[in-house]
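Just so you know, all these numbers are worked out from the coordinates, no wet-lab data involved. Because the structure is predicted, anything quoted here is derived from the model rather than measured. Every residue, glycine among them, receives a Cβ derived from its backbone with ideal geometry; neighbour counts consider all protein chains shown.
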Amino acid sequence: MRYDAVLLTVLVLIGLTLPAHSQEPQVNLEKGKAIYQTHCVGCHGILGKGDGPEAANLIVPPTNFHRTQSRAKTEMDLRGAIIWGLAFSPMHGWWGKLSGEDMRSVTAYIRQLAPYQPSTP
Ligand code: HEC
């Protein structure tokens, strides 16, 4: 009888933790940093200030992620821009070029450079 109770508890615990873990998005900050330094620094700059070496040649300036407006964006907002790109700008979408995990990781890295700060009305 006691054995049954233990078994049941174990099964319930597995049931509770397993789905939560399998749905947890994979984020790898080290990888995010590597992706950023390979694909994004040219425009957005090493610290994300929008001052990369290619920025001078662009009509639309690359986003400075430290701006108040940019820091107020959620990871979802940023990821949208990364996935789809922004219209009429050199910021093209990375869909098909980076994996979903890569895009999450690079977004997390941007948020490490310039932490999220909700705008105060
Ligand atoms: C060719 C230059 C260029 C490259 C390379 C580039 N970007 Fe951009 N990015 C831009 C420009 C320009 C904008 C701003 C567009 C606008 O304001 O319309 C922008 C905007 C963004 C935004 C929106 C920010 C906000 O606050 O709305 C994100 C997020 C972003 N870039 C992420 C990335 C990531 C991640 C990479 C690398 C995988 C990358 N960018 C590579 C030029 C670039």
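Can you tell me the equivalent ellipsoid semi-axes for the chain? Use √(5λ) from the Cα gyration tensor, largest first, whole Å.
Values: eigenvalues 315, 47, 30 Å².
Here the semi-axes work out to 40, 15, 12 Å.
Between 0 and 90 degrees, the angle of helix 2-23 with respect to the longest Cα principal axis of the chain falls at about 10 degrees.
Here Q112 and N57 are evaluated by their C-beta separation; at R0 = 25 Å the FRET efficiency comes out at 0.35.
Any chance you could give the angle, 0 to 90 degrees and rounded to 10, that helix 75-84 forms with the longest Cα principal axis of the chain? Here the helix axis deviates by roughly 60 degrees. Label separation (I46 vs R71): 2.2 nm, computed from points 7 Å beyond Cα along the C-beta direction. With contributions of -39500 (n - 2.57) from each DSSP H run of at least four residues, the per-residue ellipticity at 222 nm computed over the chain stands at -15000 deg cm²/dmol.
Summarising the label geometry, the points placed 7 Å from Cα in the beta-carbon direction at H92 and L29 lie 3.2 nm from one another. Charged neighbours of Y36, selected by a Cβ distance under 15 Å, balance to +1 (K, R count +1; D, E count -1).
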